[in-house]
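The values are calculated or read from the model by the stated rules, or taken from the named source; none is laboratory data. Here the structure is a predicted model, which means the values were calculated and not measured. FYI the Cβ positions are ideal-geometry reconstructions off the backbone, even for glycines, and counts take in every protein chain you see. Ligands, DNA and RNA are excluded from the accessible area calculation, which covers all protein heavy atoms including side chains. Shrake-Rupley method; radii C 1.70, N 1.55, O 1.52, S 1.80 Å.
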Amino acid sequence: MKKTVEKTAKGKAAAAAKGIIAVALSKIAVNGFNPRRNADGDSLEELAKSIGQVGVLQPILVRPRGKRYEIVCGERRFRASAMAGRKTVPVTVRRLSDNEAFLLAVTENLHRKDVTPMEEAYAYKRLTDTGRYDAASLAARFGKSEKYIRSRLKLNSLMDEITELVNRNVLPVTAALEICKYGGETQAEIYGKHLKGDAMYSDWRDLTAREFARRLEKTYSNSLDRYRFDKAQCVHCPFNTDACNLFNGDAEKGKCTNPTCLREKNREYLMAECKTVLDDYPDTEVYADTCPDGNGDVFAGLEEQGYTVVTDGCFALFPENPIVPRREEFDTDGEFAQAREKYEADVAENGEINRLLSEGKVNWAVTVRDNRVVAGYTVIRENGEDTEARTVPDPVQKLEAQDRRNREIAVEKIVEDTRQLIGRAEIPQSGFTEMEDRFLYFAMLTDLKREHFPLFLQDARDRRHLTDEDKIAITGQLTEEGKTVIRRDFLVKHLSETFGTAKKSYLMIEFARLHFPDKVAEIENRHNEVYGKRHRRITERLNALQEKTDAENAETVEDAGIIEKPRKERIVA
């Protein structure tokens with residue numbers, strides 16, 4: 001025993017000589033710059049078990065913060081010590097600035113063997129955010145390649161749900177790095193369709209790295225050569241897969257990984273192309289297919305700018321001018337005869353279309369197909385009538401109809417934008433106006449009982465509901481009696497939409513008590529009487545259980561020879 005005490009004393013003396021002291025856990029606080037985000041419960045329990053047996057072998061580095069200490073390195077040892085029931089923990093105290101403490105904490109965590117890719121990503125980002133480091137200086141400091149540092153920094157662009165999959169080792173970091181090439185909108189779609197875990201046939205979580213990258217590129221990358229807008233800005237864009245390929249002679253043929261930007265550029269280009277045709281040929285219509293084809297935003301944009309978009313009828317491409325076939329171009333007379341027949345049919349078709357155009361029975365039109373604007377004509381049939389029999393529209397009526405539609409579009413947009421404004425803006429605080437009072441009763445009239453309709457409208461007995469026109473008329477001639485009826489019907493509707501013990505239920509009971517005190521009292525007495533009987537039975541059973549427990553405890557005390565102090569009996573009301 002004496003040797004053990006001497007050995008312990010020598011150990012403490014040696015520790016003190018090295019600047020190691022024991023500090024109560026209650027005087028230590030964790031810091032806010034620890035890059036570690038995932039605490040493995042199993043490994044923490046193993047560490048706590050080890051500390052419980054042999055203690056903390058490596059002291060925690062702390063810095064003084066007033067009368068307490070703040071952890072710089074060793075937060076896991078601190079938490080494990082608390083789990084092990086330790087009251088104190090060995091620490092080394094150093095006076096450090098915020099920048100010095102932050103750098104030490106990050107560096108210590110990055111040198112751990114079990115550091116996760118996301119923890120690395122977060123730590124590197126914290127360092128670059130200080131403005132004192134870039135990828136090259138971090139590579140030199142931590143002995144990594146600059147490419148490695150950049151790849152880890154990219155992981156910070158992952159959405160939270162995908163980050164969680166990487167932390168749980170459900171998704172390999174190689175797959176996560178492929179997803180980093182895409183924006184947030186595409187990441188959300190990738191997660192929802194292929195990584196969430198509820199997809200029966202399109203789950204990509206168990207794919208090999210090569211197959212994952214192949215499917216990702218095939219599904220979410222778009223070849224730029226499919227689009228006809230000016231790609232000058234795309235040549236050096238980071239979302240262009242060939243932008244940084246020094247061996248690629250034509251970066252415009254790369255693939256875009258930013259679908260939002262790609263769609264917007266394509267939309268602007270297609271709208272400009274359509275407007276060029278429409279401005280040069282004002283009688284030309286814009287035709288939009290009723291089935292979704294991905295160009296709805298183009299047609300919506302044209303409508304917003306006052307152009308008319310039609311969806312009725314059908315669209316057909318205008319045939320190209322046929323070329324007269326020559327005998328020497330064919331090997332046999334039969335092939336030449338077939339070519340002549342096709343030529344004559346094309347000429348006849350062109351002539352027929354031109355005739356219908358001149359008679360106003362078909363209209364010139366443009367539409368969008370395969371990311372380009374194409375010209376043709378629309379054939380419109382009304383009520384099953386043949387094109388030949390359709391009345392030629394009056395040009396004046398057609399323009400007036402177009403003007404009315406343009407006005408409707410303007411009103412629709414005003415309504416939509418104003419609806420968003422009042423929904424998100426803070427209404428200025430001022431006195432409640434008479435007009436607002438009318439608006440309020442207009443809203444409450446939705447809940448007016450049908451039996452009260454005749455109080456406000458003479459012909460309302462057979463109506464099933466009030467129209468907006470009815471409500472506007474009513475609010476213009478309200479009496480105090482009418483206002484009371486509307487308010488009470490509104491209260492009845494909304495207070496009665498409650499169940500159980502919600503606060504709203506008690507409000508409903510109090511409202512009913514105001515108008516039907518005797519009936520509410522009868523309801524309460526009936527149900528409280530049933531509750532009272534049930535409560536008494538449960539009380540009897542509880543007292544019986546308590547008596548049984550007390551008897552068993554008394555026998556145990558008597559057997560042990562212990563005299564227990566008398567205690568108050570439990571009384572159940």
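Taking every protein chain into account, the accessible area of the range 58-98 amounts to 56 square angstrom per residue (probe 1.4 Å). These residues, 531, 220, go from largest to smallest accessible area, 1.4 Å probe, as 531, 220. Applying 1/(1 + (r/R0)^6) with r as the Cβ-Cβ distance of residue 154 and residue 410 and R0 = 30 angstrom yields a FRET efficiency of 0.10.
State which entries of 218/342; 196/255; 413/471; 87/548; 154/255 exceed 30 angstrom in Cα-Cα distance in the structure shown.
Numbers: 218/342 41 Å; 196/255 26 Å; 413/471 25 Å; 87/548 42 Å; 154/255 19 Å.
Over 30 Å apart, Cα to Cα: 218/342; 87/548.
Annotation: extensible slack from residue 521 through residue 354 equals 51.5 nm (criterion: 0.36 nm per residue apart, minus Cα-Cα distance). Projected onto their three principal axes, the Cα atoms of the range 155-245 cover extents of 42, 28, 22 Å, largest first.
Ignoring any ligand, DNA or RNA, what whole percent of the accessible area of the range 66-162 comes from carbon and sulfur when the probe is 1.4 angstrom? Within the range 66-162, the accessible surface is 49 percent carbon and sulfur.
On a per residue basis, the convex hull of the C-alpha atoms belonging to the range 440-486 measures out at 69 Å³. FRET efficiency for the pair residue 492 and residue 193, taken as 1/(1 + (r/R0)^6) with r the Cβ-Cβ distance and R0 = 41 Å, rounds to 0.30. Computed over the Cα atoms of the range 396-458, pair by distinct pair, the Kirkwood hydrodynamic radius stands at 15.8 angstrom.
Solvent exposure of the range 154-217, expressed per residue, is 56 Å² of accessible area, with all protein chains present and a 1.4 angstrom probe. Contact order, relative form, for the range 397-497: 30 percent (alpha carbon pairs under 8 Å, 6 or more residues apart, mean separation divided by residue count).
Here the label points at residue 451 and residue 402, each 7 Å from Cα along the C-beta direction, are separated by 5.8 nm in the simple model. Computed with a 1.4 Å probe on the full set of protein chains, the accessible area for residue 225 sits at about 90 Å². On the beta carbon distance between residue 236 and residue 485, with R0 = 45 Å, the FRET formula returns roughly 0.05. On the protein heavy atoms, probe 1.4 angstrom, tell me the percent of accessible surface of the range 449-521 carried by carbon and sulfur. Carbon and sulfur: 56 percent of the exposed surface of the range 449-521.
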